[in-house]
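Some notes on the structure that comes next.
What follows draws every value from the coordinates through simple rules; no lab data is involved. All values reported here derive from a predicted model rather than from experimental measurement. All Cβ positions, glycine included, derive from the backbone under ideal geometry; neighbour counts span all protein chains shown.
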Amino acid sequence: MSLELERAGLHWEPEIGDEVTERESLERVAILVDPQGLGPEELRGSFVWLPSVEQLIDQIMMRGGVLYHVGLVEEAMREDPCYEAVVKTPTDVIEVASPNLRIALGQTLCHLLSNHLREMVH
């Protein structure tokens, strides 16, 4: 999901405490503690940002989205959990369901980023 967000135009300003994964080894997740003298461009080149739920919500709000609902989908409580995220914008309502809340919010943000790019083209 993080790579999709990056391709959709999400810009990351690296900060100590951000969760990241190495571009060459995506399964290795770490917390950015010591940038080892690397600047923001070098960090973005070496790592993929894994935004937290709070960071995703902040990014959604920065793009005019309002988190209307987040929670488990009732029907799914009997089987595998399924999280729903509903975001309202001035022109749209985005509804996403996923087995993971972080991914549901990421998909919502990806939708917002895609709509923003389309609006810039038109």
**OP:** Apply the Karplus parameterisation 6.51 cos²θ - 1.76 cosθ + 1.60, with θ equal to phi minus 60°, to every residue of the stretch 45-58 and state each ³J(HN,Hα) to the nearest whole Hz, in sequence, with x for glycine and proline.
**Re:** x, 9, 10, 10, 6, 10, x, 6, 4, 5, 5, 5, 4, 4
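Could you give the length gained by full extension between Arg7 and Gln36, i.e. 0.36 nm per residue of separation minus their alpha carbon distance, to one decimal place?
On the way: separation 29, 0.36 × 29 = 10.44 nm, distance 2.60 nm.
Length gained, Arg7 through Gln36: 7.8 nm.
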Subject >> Gyration tensor verdict on the stretch 19-86 (Cα atoms; rounded if a/c is under 1.5, prolate if a/b is larger than b/c, oblate otherwise) >> reply: oblate
**OP:** Determine the dipole magnitude for the chain: charges of +1 sit on the beta-carbon of Lys and Arg, -1 on that of Asp and Glu, nothing else is charged, the reference point is the Cα centre, and the result goes in debye to the nearest 20.
**Re:** 320
**OP:** Would you pull out the residues with amide H under 5 Å of Leu50's amide H, same chain only if 5 or more places away, H placed 1.01 Å from N?
**Re:** Glu19, Val20, Thr21
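Give a quick list of GluC sites (Glu not before Pro) in the stretch 44-105 that DSSP marks as loop, anything other than H, G, I, E or B, with at most 15 other Cβ atoms within 10 Å.
Sparse-neighbourhood loop GluC sites (Glu not before Pro): Glu79.
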Subject >> Rg(Cα) / (2.2 N^0.38 Å) computed for the chain, rounded to two decimals >> reply: 1.15
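Report the equivalent ellipsoid semi-axes for the stretch 53-121 in whole Å, largest first, defined as the square roots of five times the eigenvalues of the gyration tensor built from alpha carbon atoms.
They are 23, 11, 10 Å, listed largest first.
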Original post:
So for the stretch 2-49, what are the equivalent ellipsoid semi-axes in whole Å, largest first, each being the square root of 5 times an eigenvalue of the Cα gyration tensor?
Top reply: 16, 13, 9
